[in-house]
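Everything below concerns the one structure shown next.
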Amino acid sequence: MIKKLLVLLLFYTSYTHAETIKTDVLVIGDSPSAATAAIQSARSKLKTILIMPGAWLANGMPAGNTYVITTNRNIPTGIWGEFEEKVKGFYKNTTGYEAPANVTLKFEASTGADILRKIADTVKDLTIKLNTPFTTIKKDGTGWDVTIAENGIITIINARVVVDATERGDAVVKAGATMLPVINHTNSGELYRTSIATSDLLTDGFIPMRDVIVKDAENLLVTEKLLPRNGNIQYLPLQMALGQGVGTVAAYIAFFKTTNKSLKVRIAQQELLDFKGYLLPFADVKRDERSIRAVQQIGATGLLKGIKKGNELLFMPDALVTTEEIKSVLTEIYTRAFLWFNKEKPGEKFTEGNLLSLISEMTLSDPQTLQVTVKNDWKGKYGFASDFDLNRPVTRLEFAVLVNRYLNPFARTVDLQGEIVN
């Protein structure tokens, strides 16, 4: 009995005198999503700590395996795309690691883990603690106190935001919060407008922002527990994309010193786009094309929806815009657009002239001046292949670029359900 009391007294004394470290974002887990969440949070200039219970990616990319990835072949989103490029560069002159047409990437687990670690090591504001399990997590105002054991020494990390990137949702369980179900977006409505991660493995192709928020635990976010992974390496691109998306959300909360209840969807998504993340998995608009951001933003408004072909979602940049596909969303976003449609009565195919007339009406700009400006910028600034012709039906790419430039519908506020807030 005395021995037990002494042990408890020693623990209590160690805890009460434990060092406290303050950070903006704490990421817990040894998964690829843990690494990318921490990388993104720190790249967004927030002080970030990543703790892994074992060695670097010990559970996420166990050594000794060779991986062949066939998913996200044409979706090089954000950090996943960066990782993919570096892996291909590493194996460029190595026989046996060429990726055939149906393969995205082939690599040894140890090489992949090393490459992701090198990416992490270049990031300022990121501290990585390996072989560091956490023992407790408890609420502290709007943030969290997380107790870790590092080399036998008890330390408390006080974080404004915690990201649980463990496979079983260990932090969520220890916080006494409710576990979230595996992603299911049946009848998802407008949730695509709030996407923060994409993959061709998902039925809808995206993960909305609301899914990463633990509903009954403020400023606690999750990654791995959302995925029906079961050790399937084909989820690796999605793991990295999801981690980056959650890292962006965590950074937003920490930067604005707020809570997940006050998230501004579009601001967080803008940050993700700044770091080359995708909101929607359009496979036919390349990452390095000048129009990629406009396409992603217009797609996320719902003005031009993707077209499913096999397991890929296509934007179809050269297809022609129809009045029917854009009218309902335009009138939802801009009340005055209803008056324009009633007055102009555009035909089945929406023309360049229709588009400039609409822009002129919405921006109250002089029609002739607008026409001259757009014509001058048509091929040089925007890089359009076709000739400027007011009578020609406008393509989806032309529509996306010009509407994004002049009307900026992506700036309209949406809530976590994807509904436009007027």
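The values are calculated or read from the model by the stated rules, or taken from the named source; none is laboratory data. Predicted, not measured: the structure shown is a model, and the values here were computed from it. Cβ sites come from the backbone with ideal geometry, for glycine too, and all protein chains shown count toward neighbours. In case anyone asks, the SASA skips ligands and DNA or RNA and just uses the protein heavy atoms, side chains included. Shrake-Rupley method; radii C 1.70, N 1.55, O 1.52, S 1.80 Å.
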Does region 73-88 contain at least one residue that is closer than 27 Å to D274 by Cα, touching a Gly at 6+ places or on another chain (Cβ under 7 Å) and in a loop (DSSP other than H, G, I, E, B)?
-> yes
Can you find even one residue in region 387-404 that is under 28 Å from E190 (Cβ atoms), among the polar types (S, T, N, Q), open to solvent by less than 60 Å² (accessible area, probe 1.4 Å) and modelled with pLDDT of 95 or more?
-> yes
For T369, are the conditions met, namely being loosely packed, with under 13 Cβ neighbours inside 10 Å and not in a loop (DSSP other than H, G, I, E, B)?
-> yes
Subset of region 96-129 (residues that are part of a loop (DSSP other than H, G, I, E, B) and either surrounded by 15 or more Cβ atoms within 10 Å (Cβ to Cβ) or at pLDDT 95 or above (or both)) = Y97, A99, T104, T122, V123, K124, D125
Any chance region 347-361 includes a residue that's β-branched (V, I, T), open to solvent by 20 Å² or more (accessible area, probe 1.4 Å), on the phi < 0 side of the Ramachandran plot and outside any helix (DSSP H, G or I)?
-> yes
Residue in region 224-278 that is surrounded by the fewest Cβ atoms within 10 Å (Cβ to Cβ), counting only those that are touching a Leu at 6+ places or on another chain (Cβ under 8 Å) and outside any helix (DSSP H, G or I) | L263
Condition set at pLDDT 95 or above and not hydrophobic (A, V, I, L, M, F, W, C), scope region 140-165, selection nearest to the chain's Cα centre (by Cα): answer is D164
Neighbours by Cβ (under 7 Å, 6+ apart or cross-chain): first from region 101-113, within 13 Å of A58 (Cα to Cα); second part of a loop (DSSP other than H, G, I, E, B) and open to solvent by 60 Å² or more (accessible area, probe 1.4 Å) = A109/A63; A109/G64; A109/N65; S110/A63
Under 8 Å between Cβ atoms, at least 6 apart or on separate chains: pull out the pairs that start in region 193-219 with a residue that is surrounded by fewer than 24 Cβ atoms within 10 Å (Cβ to Cβ) and end on any residue that is assigned to a loop (DSSP other than H, G, I, E, B) and among the basic types (K, R).
-> D200/R73
Say whether the condition of being open to solvent by less than 10 Å² (accessible area, probe 1.4 Å) and either at pLDDT 95 or above or not β-branched (V, I, T) (or both) is met by at least one residue in region 178-190.
-> no
Restricted to region 61-95 and to residues being open to solvent by less than 40 Å² (accessible area, probe 1.4 Å) and among the polar types (S, T, N, Q), the residue nearest to the chain's Cα centre (by Cα) is T77
Top-ranked residue in region 155-177 [being in contact with an Asp or Glu (Cβ under 8 Å, 6 or more places away or on another chain) and assigned to a strand (DSSP E or B); ranked as farthest from I253 (Cα to Cα)] | T155
Return the only residue of G380, G418 being among the small types (G, A, S) and at positive phi.
-> G418
If we scan region 246-265, do we find a residue that is more than 22 Å from E85 (Cα to Cα), hydroxyl-bearing (S, T, Y) and in contact with a Ser or Thr (Cβ under 6 Å, 6 or more places away or on another chain)?
-> yes
Quick one: count up the residues across region 306-318 that are under 11 Å from R396 (Cβ atoms), open to solvent by 10 Å² or more (accessible area, probe 1.4 Å) and touching a residue at least 24 places away in the same chain (Cβ under 8 Å).
-> 5
